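Participant: Below is the structure I would like to discuss, written out as structure tokens.
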Ligand SMILES: [Zn+2]
């Protein structure tokens, strides 16, 4: 069991939403088991949690919940943990020689706070200037979606998306903005319903202010 001091520390880490690494902390044996085996273990454990809360699992409405939660965790909201689910991204040569900025704005994403397992809901804005490679537009959405489908902190999520885009497009010229409401801030703890969290990451040409200003203009933000 965890000591009282450790439990207090857990609260502090959660309330400050600290992250420890840009990589999602995964166990070495993370994907040794099949999805089906994971789902049956999670189902068992979630049933224990519900019973411990005092819920009657013979009730028709609750009976299937452990199974539904297990399936939702493995197949939906945490499916981005498994590299097998990473979107296959093909890039193309920039044959139209479009050499200015491309921005995909208002990419909706749903993620989950890794400190409280509550939703993070928001929008991502992604832009790049090609260094010779281009990518299908919907692939930008897919990359955001893949990294969102993990237990996350927003700072790590933006770094993972930023790094992936740089690798895939083989360029430093990438900029990402993420804006999100964290239910762990709005529905518990400080209970602030109106605040949202913004993160910004950029490199290459976006180190120049005029490129960032163009990006803001294209996503219709005041600079
Ligand atoms: Zn949280």
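The values are calculated or read from the model by the stated rules, or taken from the named source; none is laboratory data. Note that the coordinates shown come from a computational prediction; the quantities given were computed from them, not determined experimentally. Please note: Cβ atoms are built from the backbone with ideal geometry, for glycine as well, and neighbour counts cover all protein chains shown.
Participant: If you check 146, 202, which single one turns out to be under 12 Å from the mean Cα position of the chain (by Cα) and over 20 Å from residue 14 (Cβ atoms)?
Facilitator: The unique qualifying residue is 146.
Participant: Pick out, from segment 83-196, the strands (runs of 3 or more DSSP E) lying fully within it that include 1 or more residues that are at pLDDT 95 or above, within 16 Å of the ligand (Cβ to nearest atom) and surrounded by 18 or more Cβ atoms within 10 Å (Cβ to Cβ).
Facilitator: Strands (runs of 3 or more DSSP E) meeting the threshold: 101-113, 119-129, 174-182.
Participant: Evaluate segment 18-37: report whether one residue or more is within 16 Å of the ligand (Cβ to nearest atom) and more than 19 Å from the chain's Cα centre (by Cα).
Facilitator: No, segment 18-37 contains no residue that is within 16 Å of the ligand (Cβ to nearest atom) and more than 19 Å from the chain's Cα centre (by Cα).
Participant: Would you check which residues across segment 197-223 are within 16 Å of the ligand (Cβ to nearest atom) and either surrounded by fewer than 19 Cβ atoms within 10 Å (Cβ to Cβ) or in a loop (DSSP other than H, G, I, E, B) (or both) and list them?
Facilitator: Correct list: 197 only.
Participant: Can you find a residue in segment 53-65 that is outside the structural domain of residue 161 (by TED's automatic domain parsing) and in contact (Cβ under 8 Å) with a residue 12 or more places away in the chain?
Facilitator: yes
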